[in-house]
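Take a look at the structure below.
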Amino acid sequence: MSTTPPPLRFSAFVMNTSSHILQGVWRTDDADNINFNSLEHWVNLAKVLERGKFDFIFFADVVGLYGDYDGGYEKYVQAGLQIPSNDPSVIASAIAYNTTDLGIAITSSVLQEHPFNFARRISTLDHASNGRIAWNIVTNGLSNASRNFGFDELEEHDERYVWANEYADVVYKLWEGSWDDGALLQDKERGVHADPAKVHKIFHEGKRYRVEGPHLVAPSPQRTPVLFQAGSSPAGREFAARNAEAQFIITPGPEQARVLVDDTRARLPQYGRDPHDLRFFQGLNFVIGSTEEEARRKERELEENIDLDAMIAHLSGAIGIDFGSHPLDTPLGAIETEGIRSVIDWVRESVDGREATIEDLGRLQGRNSRVVGTPEQIADQLELWRDAGVDGINVVNASIPGSYVEFVDHVIPVLQQRGLAQTEYAPGTVRRKVFGDDRLDERHPAARYRGAFTPVGV
């Protein structure tokens with residue numbers, strides 16, 4: 001008996017800055033990206049996304065500059081490459097106030113805020129949004145960010161995930177274990193606001209944190225926000241298998257996605273979870289035309305507006321090599337790195353008949369995650385991604401709001417007709433809408449903290 005596959009989920013991949021992924025496109029006439037300081041800019045975008053029945057607006061974030069390019073950080077400033085950038089959590093409540101169903105995913109590194117205060121901030125936002133907050137859990141891979149927070153150097157890669165696991169455990173204890181169900185009474189007649197026997201200190205003591213508690217915020221609609229994660233290294237996959245409900249991936253094609261999805265899902269049972277407790281969102285950018293010819297013309301125009309030097313600078317920081325000190329025709333095979341080697345390998349696989357170069361790295365990074373064509377052709381491609389095991393699409397923009405207006409007006413209707421996109425929102429919290437329940441599944445490691453703490457006076 002055949003079953004109809006569920007629709008894909010959609011999120012808008014944005015950052016509170018002018019130039020996020022496709023560098024240089026903020027310069028075009030139709031791009032409103034430079035108005036990122038405006039609250040109205042983000043509220044208006046959120047309304048467009050909600051009209052298109054998107055599941056999330058997904059805010060990326062960093063708390064430092066990428067590594068040096070051509071010996072310094074001037075290129076980042078000159079190109080507006082994720083600087084200046086603002087704190088996305090500050091505008092989340094305004095977006096929530098002006099929408100009713102759209103999930104709001106916020107990236108926050110374990111480096112940048114103590115878990116006690118972060119847990120309080122997220123619970124407050126989850127209350128304010130009626131349960132529509134998600135957290136993209138990230139470690140920190142930027143040396144400058146480490147120095148910004150008083151560390152002499154960047155933590156070793158795998159140790160960053162050990163840190164992140166402790167951080168996650170602290171906030172899980174606060175969100176899931178500090179307040180029992182039914183603790184908040186607000187009984188005016190008896191004068192009892194909450195039952196002390198149901199509010200607990202957590203007494204966490206670990207390698208990095210000592211947190212007594214209790215959590216200062218009563219349980220929010222979701223308690224724990226929807227949990228995203230974005231690392232695809234072996235350590236990152238292990239972290240996702242233990243903690244994440246959704247993983248953001250960027251692979252160059254459906255077959256590579258299938259390998260990554262299968263490998264990561266196979267890791268979940270060791271943490272007591274079902275392989276399908278984790279969903280996968282592929283990052284893609286789209287060039288849409290009423291005909292294929294028009295779409296290809298628009299892609300050529302996009303390529304003309306992309307700042308190749310800035311694209312390479314962005315990858316320099318991510319990979320950990322100053323590509324600015326190398327000629328553009330330097331073969332990638334000559335590059336040694338402990339950074340994101342998979343990016344280099346994918347670009348090398350994409351070039352036939354010769355060795356890929358640094359120039360290819362900059363040019364192909366945007367193209368490898370791009371879908372070009374008519375709405376019908378795009379729907380055909382997205383069906384292939386779904387068949388490869390991808391559950392959702394993180395839509396990368398060239399311009400805001402233009403990229404999303406075009407996608408909502410032209411692609412979403414075709415996807416809805418094919419059952420590839422939802423036509424209405426389900427009721428309830430964003431976790432209920434996307435995953436079917438308001439609370440984290442009982443298999444999730446955070447669930448073990450429910451009812452685990454000693455009542456007051458016992």
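The values are calculated or read from the model by the stated rules, or taken from the named source; none is laboratory data. Computed from a prediction, not measured in an experiment: that's the story for all the values here. Backbone-built Cβ (ideal geometry, glycine too); neighbour counts: all protein chains shown. Ligands, DNA and RNA are excluded from the accessible area calculation, which covers all protein heavy atoms including side chains. Shrake-Rupley method; radii C 1.70, N 1.55, O 1.52, S 1.80 Å.
Residues in the range 423-458 that are aromatic (Phe, Trp, Tyr) and more than 22 Å from residue 177 (Cβ to Cβ): 425 alone. On the stretch given as the range 344-357, residues that are outside any loop (DSSP other than H, G, I, E, B), open to solvent by 20 Å² or more (accessible area, probe 1.4 Å) and more than 17 Å from residue 324 (Cα to Cα) total 5.
State which residue is farthest from residue 201 (Cα to Cα) when the search covers only the range 135-180 and only residues that are open to solvent by 10 Å² or more (accessible area, probe 1.4 Å) and among the hydroxyl-bearing types (Ser, Thr, Tyr). If you could, list the steps in order and put the result at the bottom.
Let us first name the residues in the range 135-180 that are open to solvent by 10 Å² or more (accessible area, probe 1.4 Å), namely 138-144, 147-163, 165-166, 169, 173, 179-180.
So of that shortlist, the ones also among the hydroxyl-bearing types (Ser, Thr, Tyr) come out as 139, 143, 161.
Working: 139: 27, 143: 35, 161: 26 Å.
The selected residue is 143.
If you filter the range 173-210 down to residues that are within 27 Å of the chain's Cα centre (by Cα) and not in a loop (DSSP other than H, G, I, E, B), you find that the one that is farthest from residue 118 (Cα to Cα) is 177.
Within the range 184-227, the residues that satisfy the criterion of being surrounded by 18 or more Cβ atoms within 10 Å (Cβ to Cβ) and small (Gly, Ala, Ser) are 213, 220. Listed by first and then second residue, the pairs with beta-carbon distance under 8 Å, at least 6 apart or on different chains, first residue in the range 254-277 and under 13 Å from residue 244 (Cβ atoms) and at pLDDT 95 or above, second open to solvent by 70 Å² or more (accessible area, probe 1.4 Å) and not in a helix (DSSP H, G or I), are 273/443; 275/266; 277/443.
Contact map, the range 427-445: first residue within 10 Å of residue 226 (Cβ to Cβ) and in contact (Cβ under 8 Å) with a residue 40 or more places away in the chain, second residue in a helix (DSSP H, G or I) and not hydrophobic (A, V, I, L, M, F, W, C), Cβ cut-off under 9 Å, separation 6 or more or different chains; pairs are 429/126; 435/277; 440/172; 440/176; 440/431. Of everything in the range 103-140 that is among the small types (Gly, Ala, Ser) and under 16 Å from the mean Cα position of the chain (by Cα), the residue that is farthest from residue 161 (Cα to Cα) is 103.
Checked against (1) surrounded by 21 or more Cβ atoms within 10 Å (Cβ to Cβ); (2) in contact with a Ser or Thr (Cβ under 8 Å, 6 or more places away or on another chain); (3) not basic (Lys, Arg), residue 50 passes all but a single condition, namely (1). Restricting the first member to the range 44-67 and to residues that are closer than 14 Å to residue 406 by Cα, and the second to residues that are open to solvent by 30 Å² or more (accessible area, probe 1.4 Å) and assigned to a helix (DSSP H, G or I), the beta-carbon pairs closer than 7 Å and six or more apart or on different chains are 48/405.
Tell me yes or no: at least one residue of the range 54-61 is closer than 30 Å to residue 146 by Cα, part of a loop (DSSP other than H, G, I, E, B) and in contact with a strand residue (DSSP E or B) (Cβ under 6 Å, 6 or more places away or on another chain). Yes, the range 54-61 has at least one match. Looking at residue 3, is it open to solvent by less than 70 Å² (accessible area, probe 1.4 Å) and β-branched (Val, Ile, Thr)? Considered against the rule, which asks whether it is open to solvent by less than 70 Å² (accessible area, probe 1.4 Å) and β-branched (Val, Ile, Thr), residue 3 comes out as no.
Taking residues in the range 222-244 that are closer than 19 Å to residue 275 by Cβ and without any contact (Cβ under 8 Å) to a residue 60 or more places away in the chain, and partners anywhere that are assigned to a strand (DSSP E or B) and of a type outside the set (S, T, N, Q), not one pair has Cβ atoms closer than 6 Å while being at least 6 places apart or on different chains. In the range 137-151, the residues that are of a type in the set (D, E, K, R) never reach a residue that is surrounded by 23 or more Cβ atoms within 10 Å (Cβ to Cβ) and modelled with pLDDT under 95 with C-beta atoms less than 6 angstrom apart, at least six apart or across chains. Inside the range 76-98, residues that are open to solvent by 10 Å² or more (accessible area, probe 1.4 Å) and part of a loop (DSSP other than H, G, I, E, B) make up a count of 7.
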